[in-house]
2 protein chains.
Amino acid sequence: MAKHLIADLYGCGEIIDNSQAIIDAAHKAIEYVGAEIVEECVHVFEPIGTTYFAVISTSHFSVHTWPEYGYAAIDIFSCTDGVVDGIAEKLKELFEAKEIKIQILERSINDAP
Amino acid sequence: MAKHLIADLYGCGEIIDNSQAIIDAAHKAIEYVGAEIVEECVHVFEPIGTTYFAVISTSHFSVHTWPEYGYAAIDIFSCTDGVVDGIAEKLKELFEAKEIKIQILERSINDAP
């Protein structure tokens, strides 16, 4: 069973308006979950907002930021079974967030549920 | 309130093992939901499997395929309020799927819930 972790981060710090810092934080989060980056793309919106997407060895990692709200939307879709312990705290720390909401979905890859 | 649509498609047709056909289907789905592509990236795995990701005007659209299982995982994250009517049937048709499972999550962008 694959896991899809959906994280909403609120009250993020200055990082939220700094594309390079967002990329660096994404790299650290991907390393934390033990995945490897296969391909990545970044889009910086005008006037503000960054989207970062990585194809990782186990599926994908994405970040969208809305600096005007101090909000970041993070997804980690992983075709492995586990969700890494402590990932909520890790994302909160990396994105300097005051609050985080996590939802974890199960996705059956090899059989209709 | 943003919407995140998570679609699991089972029993997909021949498209599932054809990267260009997957890209074409993704383009049609993005057009169907009325979004515009801002940036896109594609990764073709060895020996099989394709990941397609598009930054769209309203957030992102992603597809991962596991041809060995006839399975495609599709996400449409949209910072607009609505989920387009008929999207389940449209995705099923585009990916020639026998079965589709849809989950829709609400994500609050401008305020912690």
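In the stretch A:55-69, which residues are closer than 25 Å to B:MET1 by Cα and within 15 Å of the chain's Cα centre (by Cα)?
If the condition is that a residue be closer than 25 Å to B:MET1 by Cα and within 15 Å of the chain's Cα centre (by Cα), then A:HIS60, A:PHE61, A:SER62, A:VAL63, A:HIS64, A:THR65, A:TRP66 are the ones that fit.
Go through (1) assigned to a strand (DSSP E or B); (2) modelled with pLDDT under 95; (3) buried (at least 16 other Cβ atoms within 10 Å of the Cβ) and name the single condition A:ILE74 misses.
Failing condition for A:ILE74: (2).
So B:ILE109 passes all but one of these: (1) outside any loop (DSSP other than H, G, I, E, B); (2) among the aliphatic types (A, V, I, L, M); (3) modelled with pLDDT under 95. Which condition number does it fail?
B:ILE109 satisfies every listed condition except (1).
Out of curiosity, is A:HIS27 at pLDDT 95 or above and within 12 Å of chain B (Cβ to nearest Cβ)? Break it down into steps so the answer makes sense when it comes.
On the way: at pLDDT 95 or above: yes; within 12 Å of chain B (Cβ to nearest Cβ): no.
No; evaluated as a whole, the condition is false for this residue.
Where in the stretch A:29-69 are the strands (runs of 3 or more DSSP E), entirely inside, with at least 2 residues that are open to solvent by 70 Å² or more (accessible area, probe 1.4 Å) and not aromatic (Phe, Trp, Tyr)? Give the derivation first.
Numbers: elements: A:37-44, A:50-56, A:59-66.
Counting at least 2 such residues, we get A:37-44.
Report whether or not A:PHE61 is at pLDDT 95 or above and in contact with a helix residue (DSSP H, G or I) (Cβ under 6 Å, 6 or more places away or on another chain). Write out each step before concluding.
Details: at pLDDT 95 or above: yes; in contact with a helix residue (DSSP H, G or I) (Cβ under 6 Å, 6 or more places away or on another chain): yes.
Taking the combined requirement at face value, the residue satisfies it.
So which residues in the stretch A:87-99 are more than 9 Å from chain B (Cβ to nearest Cβ) and either touching a residue at least 12 places away in the same chain (Cβ under 8 Å) or in a loop (DSSP other than H, G, I, E, B) (or both)?
Step one: list which residues in the stretch A:87-99 are more than 9 Å from chain B (Cβ to nearest Cβ), which gives A:87-97.
Matches in the stretch A:87-99: A:ILE87, A:ALA88, A:LYS90, A:LEU91, A:LYS92, A:LEU94, A:PHE95, A:GLU96, A:ALA97.
Would you check if there is a residue in the stretch A:5-25 being touching a residue at least 24 places away in the same chain (Cβ under 8 Å), open to solvent by 60 Å² or more (accessible area, probe 1.4 Å) and under 14 Å from the mean Cα position of the chain (by Cα)?
Of all residues in the stretch A:5-25, those touching a residue at least 24 places away in the same chain (Cβ under 8 Å) come to A:5-17, A:19, A:22-23, A:25.
Filter again for open to solvent by 60 Å² or more (accessible area, probe 1.4 Å), leaving A:14, A:17.
Subsequent filtering for residues that are under 14 Å from the mean Cα position of the chain (by Cα) retains none.
There is no residue in the stretch A:5-25 that is touching a residue at least 24 places away in the same chain (Cβ under 8 Å), open to solvent by 60 Å² or more (accessible area, probe 1.4 Å) and under 14 Å from the mean Cα position of the chain (by Cα).
Out of the residues in the stretch A:1-24 that are closer than 13 Å to A:ILE87 by Cα and of a type in the set (A, V, I, L, M, F, W, C), state the one that is farthest from the other protein chains (Cβ to nearest Cβ).
A:LEU5
The values are calculated or read from the model by the stated rules, or taken from the named source; none is laboratory data. The structure displayed is predicted, hence computed values, not measured ones. When we count neighbours, we look across all protein chains shown, and the Cβ atoms used for this are built from the backbone with ideal geometry, even at glycine. Side chains are part of the model used for accessible areas, which takes the heavy atoms of the whole protein and leaves out ligands, DNA and RNA. Shrake-Rupley method; radii C 1.70, N 1.55, O 1.52, S 1.80 Å.
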